[in-house]
Every structure is written in structure tokens, then in C-alpha cells.
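The values are calculated or read from the model by the stated rules, or taken from the named source; none is laboratory data. All figures in this text were calculated on a predicted structure; none of them were measured in a lab. All Cβ positions, even for glycine, are placed from backbone atoms using ideal geometry, and neighbour counts span all protein chains on display.
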Amino acid sequence: MSPVASWHALGAATLATLPRVPFIVAGRRVGSVATAHLPALRAFEPLLAVHDDHVELLAAARDAAFTHINNRLREQGLIRAWRDETYPVVDPNMPAPLAPLARFERAASRFWGTLTFGAHATGYVAGPDGQPAQLWIARRSFAKATDPGLYDNLIGGGVPAGQTPDETLVREGFEEAGLRPAQLAGARRGSVLRLARDIAEGFQHEWLHSYDVELPPGTVPVNQDGEVAAFALLPLDEALALAAGPAMTVDAALVTLDFALRHRLLDAPELSACVQTLRVPRMC
């Protein structure tokens, strides 16, 4: 088996086969809509213009229109895993910073295929040579709305409206791992990784901002918000073997692989070439 085939997340990162059409807001393509959902969306005209080859939001009061439409779609079971969190709607092709064109419920981003942002940190303990020797791996709560019970990075969360990835890292660092801002002050920015894939809730178009966090030996993360079932400090080879398979979330596995390649913990040119195609410029 080739190194690429052995990494489940690489195959899943851009696996998109369901037909979709562009979704337009303010004259800009901000996402995409499954063609299977076009009949349901025609019920919301004239707030929407629904065509066979694209869907456009026409309402001037965009946030209010989204609130109405998304609540109705939720009642129909077309928007799942409702979070009561607000995400921005942005044009991925706008120059940085990406100014929001609207704001809506986090779960709706998968239905509309809009760009979302994540902040993930690989937590590690260095060996005598200063190189990462062990990785902190989280196991997601079995009550999570998405990927329950799968393995994850030390810190991982979505970036809501009004926050930067750096700010989300600090917030999630305490909520998920009990780490104070001072403990994250030395976090180093890694790559930004792009996902564009079909998932159960719709379409995940996400830019994952990755970070490296070195924890001193003896520091033990403690979850604060109930979203992590347990933490484990694994030797590097065990952590990478776990990340290579389907037991870890696709997001976390890609961040872990990118970490290993950037730190030259893996000598795998084929893997490096694949990850390079997923890296995007840091734009926000």
C-alpha cells in the first residue's frame, strides 16, 4: 500500500461526488447547494431565486432572511446538528480580511456549502533532542453532535463570527483542555489546510488553521466543557498510526500529518506532495 493510500484523511479531504450548484449572495459565490434540495428551496421565493444552475439570496435583510429560511429547513430535517452559534458568510475569493456578507447559524454552513474556519492545535511533549516525542490526543465525547467518540487534536474548534483563529485557539484551549492563555502564548502557527468534502450534514468547505503547542512534561490537560471524554499522551509512532486510520476525525488527522511533515518526523515525499495541495495562504 502506498503512503498516501494508508492515510484515510487524505482520501476524505476532497471527496465530493454529490451534484451541487453555486450559491450567490450580494453578487458573490459564497457556497453551493445540493441539487436535491432545489425543490425545497423554491418554497422560499422571493427571498431566494432558485434556478437549475444556481441559487441566489435576493432579500436585502440577509441575516433575517437566513434566520427564517434556516429555521424552516431545520424543521424539515435538512439542517442538522443545530448549535446556536453564529458563523459568518464570506466570499472565499475576497481579499483579506474576509468581511462577512451575512451571519447565520453554524449548522447551516453545511447546507449552504459556505466557507468555515477551524483552529486546531497539536499538543506535544519534546524529547531530549528537542524534537516532538509524544502527542496529546483527545477523544471526543460520545454525546458530540458530530464525530462522537472519534480521536482529535489536543485543541480543536470552529471559529465563530467576531473571532479570529488565534482568539478561538485561546478560548478552546481552556474549554477543551483547561489551558490558560499564558500556556498558549508560545503556540506557533502551522499551515492552513483546506477541506472540501461531502459529509452527512451537507458539504464541508473549511480552512483549518493549525498550531503547534509544546507542553512541559507533567502538564496534563483537563477538559472543562464536557466535549472531551479523555486525553492520552501517546508516543509519536502510536499517535501517527492512530491518525492514519478512520478512528481520528479527518480534520485532526490532516493537522497531525501536516505537523509531522513540517517537523520532519516523517520522510514521505508522496505524503508531503499531497498535503501541499491542501495548504492555502493564511488569509484571516
field: Subset of the range 79-100 [under 16 Å from Val33 (Cβ atoms) and either modelled with pLDDT of 95 or more or not in a loop (DSSP other than H, G, I, E, B) (or both)]
entry: Ile79, Val89
statement: Exactly one of Asp251, Asp237, Asp212 is more than 25 Å from Ser32 (Cα to Cα), surrounded by 17 or more Cβ atoms within 10 Å (Cβ to Cβ) and either touching a residue at least 24 places away in the same chain (Cβ under 8 Å) or of a type in the set (Asp, Glu) (or both), and that one is Asp212
task: Scan Val222, Val250 and give me the residue that is within 20 Å of the chain's Cα centre (by Cα) and not hydroxyl-bearing (Ser, Thr, Tyr).
output: Val250
task: Report yes if Gly173 is surrounded by 21 or more Cβ atoms within 10 Å (Cβ to Cβ) and not assigned by TED's automatic domain parsing to the domain that holds Ala61, otherwise no.
output: yes
Where Arg28 falls short, out of the listed (1) farther than 25 Å from Ser191 by Cα; (2) without any contact (Cβ under 8 Å) to a residue 40 or more places away in the chain: (2)
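Here's the yes/no breakdown for (1) in contact with a strand residue (DSSP E or B) (Cβ under 8 Å, 6 or more places away or on another chain); (2) at pLDDT below 95; (3) buried (at least 19 other Cβ atoms within 10 Å of the Cβ):
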residue: Ser2; (1), (2), (3): no, yes, no
residue: Thr17; (1), (2), (3): yes, no, no
residue: Val21; (1), (2), (3): yes, no, no
residue: Val25; (1), (2), (3): yes, no, yes
residue: Val33; (1), (2), (3): yes, no, yes
residue: Leu41; (1), (2), (3): yes, no, yes
residue: Asp63; (1), (2), (3): yes, no, no
residue: Thr67; (1), (2), (3): yes, no, no
residue: Leu73; (1), (2), (3): no, no, yes
message: Being more than 22 Å from Val255 (Cβ to Cβ), outside any loop (DSSP other than H, G, I, E, B) and not β-branched (Val, Ile, Thr) is true for just one of Phe104, Phe117. Which residue is that?
response: Phe104
query: When you scan the range 83-113, how many residues do you find that are in contact with a helix residue (DSSP H, G or I) (Cβ under 8 Å, 6 or more places away or on another chain) and of a type in the set (Ser, Thr, Tyr)?
result: 1
field: Wholly within the range 1-78, helices (runs of 4 or more DSSP H) carrying at least 1 residues that are not assigned by TED's automatic domain parsing to the domain that holds Leu98
entry: 8-12
- prompt: Looking at the range 142-150, is at least one residue under 24 Å from Glu214 (Cβ atoms) and at pLDDT 95 or above?
  reply: no
- line: Going through (1) under 26 Å from His68 (Cβ atoms); (2) in contact with a helix residue (DSSP H, G or I) (Cβ under 9 Å, 6 or more places away or on another chain) one by one, Gln183 fails only at (1)
field: Test: Glu227 is surrounded by fewer than 16 Cβ atoms within 10 Å (Cβ to Cβ) and modelled with pLDDT under 95
entry: no
field: Failed item in (1) buried (at least 23 other Cβ atoms within 10 Å of the Cβ); (2) of a type in the set (Ser, Thr, Tyr); (3) not assigned by TED's automatic domain parsing to the domain that holds Val255, with Thr122 passing the rest
entry: (3)
Scan of the range 261-284 for residues that are surrounded by 14 or more Cβ atoms within 10 Å (Cβ to Cβ) and without any contact (Cβ under 8 Å) to a residue 60 or more places away in the chain, ordered by number: Leu261, Leu266, Ser272
task: Please tell me if Glu167 is outside the structural domain of Asp198 (by TED's automatic domain parsing) and either under 30 Å from Ala36 (Cα atoms) or surrounded by fewer than 17 Cβ atoms within 10 Å (Cβ to Cβ) (or both).
output: no
